[in-house]
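The values are calculated or read from the model by the stated rules, or taken from the named source; none is laboratory data. Since we're looking at a predicted model, the values are computed, not measured. Neighbour counts run over all protein chains shown; Cβ positions are idealised from the backbone, glycine included.
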Amino acid sequence: MVSYGWLTDRQRSFFAGGATKELSYRLDALRRLKAGILEHESQLVNALKADLNKSEFEAYMTEIGIVLAEIGFTLKHLRAWAKPRKVRTPITHLGARGYIYSEPYGSALILAPWNYPFQLAAAPLIGAIAAGNCAVLKPSELTPRTSETIAEIIRASFQEDYISVVQGGIDTSEALLAEKFDYIFFTGSVPVGKLVMAAAARHLAPVTLELGGKSPCIVHEDAQLKLAARRIAWGKFMNAGQTCVAPDYIYVHASVKDRFLSELGGAVKELYGERPLLNPEYTRIVGRKHFERLAAFLDNGTRVFGGGADPGELMIEPTVLTDIDWEAPVMKEEIFGPLLPVLEYGDLSEAIREIQNQPKPLALYLFTESQRVQENVRESISFGGGCINDTVYHITSPYLPFGGVGSSGMGAYHGQAGFDTFSHRKSVLKQTTRFDLPFRYPGRKNGLKLI
Ligand code: NAD
């Protein structure tokens with residue numbers, strides 16, 4: 001196995017030089033990253049098109065635009081986030097002052113997936129840089145053009161002992177994980193997340209795991225069905241459903257199911273036209289293996305619409321399935337593609353119970369006008385994050401930390417959460433030397449002792 005010890009050694013010695021601890025250095029690094037991205041903008045758009053048939057619109061909205069916004073937000077707030085924080089002290093600490101200092105860990109390893117190959121590599125990097133770390137980034141091998149463009153951006157912007165990109169597949173990930181990093185940030189599947197955490201344990205490296213799972217979407221009887229259908233169609237079928245926070249399945253109240261399905265059909269036509277497979281804006285499935293896996297689900301239950309597939313182009317139509325229960329193969333794993341099973345419920349408690357029986361999802365979406373139902377669902381089900389009356393949009397607010405819980409992951413990032421994730425909070429008590437409180441010493445009388 002190739003060893004990357006030389007790289008971690010170089011990053012360690014660069015970090016020890018202290019340059020990255022300067023706020024001005026980090027701000028400058030973020031500006032360089034932004035400039036590098038802007039210089040390679042059209043190359044990125046072309047790479048995303050080549051790797052995933054991502055449209056220019058989606059490339060900006062879900063990848064480049066999000067990353068540039070995250071850099072802008074971080075540049076604006078970094079000075080405030082990085083300030084030491086003075087905290088209160090209890091009466092037993094009379095004369096002392098408490099401070100929390102955010103300090104970088106050292107060298108961070110970032111492992112990224114293929115579905116938003118640019119955003120999910122660059123957004124954690126922003127947090128790592130902001131907090132003052134060095135970083136090694138390994139983008140996905142399944143999107144080679146985008147990964148190569150990321151490598152070019154990083155090479156053009158940074159020296160290797162500060163930020164560097166290593167390209168490759170599983171062997172490369174394993175070789176990197178064998179090295180001692182000070183932090184590991186992984187985005188990907190649950191099984192690989194477990195391997196990453198086990199590898200991190202060997203060095204006691206702290207981890208953030210941004211994983212996946214089946215994210216439910218509940219459409220209650222009082223939901224605004226047309227709006228719900230449009231927002232669900234948008235969140236589900238963008239990137240052909242290859243989105244970690246896409247609604248994986250719908251639970252709809254039986255009394256509105258037919259109307260909802262008809263609105264959903266209308267919304268998909270509005271977004272992708274009558275023949276989505278011919279729509280140049282519609283994303284393809286990343287590879288043959290994923291295509292075959294998804295195609296095998298197409299005959300689960302009853303097809304309401306969609307179902308068409310083009311094996312040559314690796315494309316699958318937005319497809320809605322009904323007459324599905326938890327025994328159907330499509331309900332046994334995260335779908336991660338443009339298939340949407342719709343289950344129904346009569347009483348909300350049935351849907352809640354079923355969802356509670358599943359691993360904790362990364363996201364949950366609920367469409368209802370009722371405050372009571374909103375609170376009931378939010379309090380009864382544990383999930384990473386989500387939306388009421390929308391899908392996916394929560395992850396685009398820099399004020400909301402984004403991350404999973406339970407098997408959908410641990411830790412969070414975006415906005416200040418990204419800075420915090422890559423920072424160790426060092427607590428320091430500054431004690432007075434003007435007097436010494438004797439009560440903590442054995443055999444002394446309580447009382448103030450002047451020195
Ligand atoms: P993946 O787990 O297969 O791969 C992710 C990264 O890990 C890649 O860089 C890959 O090279 C590496 N890797 C793969 N197998 C490995 C192994 N055995 N040992 C070490 N490294 C290995 O995930 P993927 O297929 O690229 O992405 C899809 C999954 O990621 C879905 O489950 C999705 O829900 C999840 N995801 C989560 C988020 C999030 O933010 N929570 C975002 C996107 C995707």
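What to note about this one:
- Filter result for Ala121 (within 12 Å of the ligand (Cβ to nearest atom), at pLDDT 95 or above, outside any loop (DSSP other than H, G, I, E, B) and not β-branched (Val, Ile, Thr)): yes
- Residue, nearest to Thr187 (Cα to Cα), within segment 358-384, restricted to residues that are of a type in the set (Gly, Ala, Ser) and surrounded by fewer than 20 Cβ atoms within 10 Å (Cβ to Cβ): Ser382
- When Lys257, Lys289 are checked against the criterion of being charged (D, E, K, R) and either surrounded by 18 or more Cβ atoms within 10 Å (Cβ to Cβ) or in contact (Cβ under 8 Å) with a residue 60 or more places away in the chain (or both), a single residue qualifies: Lys257.
- Segment 247-264, subset closer than 19 Å to Tyr365 by Cβ and out of contact with any Leu (no Cβ under 9 Å at 6 or more places or on another chain), residue farthest from the ligand (Cβ to nearest atom): Ala254
- Residues located in segment 240-292, provided they are in a loop (DSSP other than H, G, I, E, B) and within 18 Å of Met331 (Cα to Cα): Gln242, Thr243, Cys244, Val245, Ala246, Pro247, Asp248
- Between Tyr116, Tyr60, Tyr99, the distinction of being hydroxyl-bearing (Ser, Thr, Tyr), in a strand (DSSP E or B) and at negative phi belongs to Tyr99 only.
- The numbered conditions (1) in contact with a strand residue (DSSP E or B) (Cβ under 6 Å, 6 or more places away or on another chain); (2) more than 14 Å from the ligand (Cβ to nearest atom) are all true for Pro113 except (2).
- Check on Phe336, in a helix (DSSP H, G or I), touching a residue at least 24 places away in the same chain (Cβ under 8 Å) and buried (at least 18 other Cβ atoms within 10 Å of the Cβ): no
- Looking only at segment 182-195, residues that are under 24 Å from Glu103 (Cα atoms) and not hydroxyl-bearing (Ser, Thr, Tyr) come to 4 in all.
- Ile91 meets all of the listed conditions (1) at pLDDT below 95; (2) within 15 Å of the ligand (Cβ to nearest atom) but one, namely (2).
- Among residues of segment 133-163, those that are surrounded by fewer than 22 Cβ atoms within 10 Å (Cβ to Cβ), aliphatic (A, V, I, L, M) and without any contact (Cβ under 8 Å) to a residue 60 or more places away in the chain, counted: 1
- Where helices (runs of 4 or more DSSP H) fall wholly inside segment 132-239, the ranges with 1 or more residues that are more than 13 Å from the ligand (Cβ to nearest atom) are 144-157, 190-202, 225-237.
- When Thr302 is tested against (1) surrounded by 16 or more Cβ atoms within 10 Å (Cβ to Cβ); (2) of a type outside the set (Asp, Glu); (3) closer than 23 Å to Cys217 by Cα, just one condition goes unmet, and that condition is (1).
- Filtered by the rule that a residue be surrounded by fewer than 18 Cβ atoms within 10 Å (Cβ to Cβ) and not in a loop (DSSP other than H, G, I, E, B), segment 393-409 gives Tyr393, Thr396, Gly406.
- Check on Thr92, among the hydroxyl-bearing types (Ser, Thr, Tyr) and exposed (fewer than 15 other Cβ atoms within 10 Å of the Cβ): yes
- Single condition Tyr105 does not satisfy, out of (1) buried (at least 24 other Cβ atoms within 10 Å of the Cβ); (2) over 15 Å from the mean Cα position of the chain (by Cα); (3) among the hydroxyl-bearing types (Ser, Thr, Tyr): (1)
- Single match in Asp390, Asp420 (criterion: more than 15 Å from the ligand (Cβ to nearest atom), part of a helix (DSSP H, G or I) and within 18 Å of the chain's Cα centre (by Cα)): Asp420
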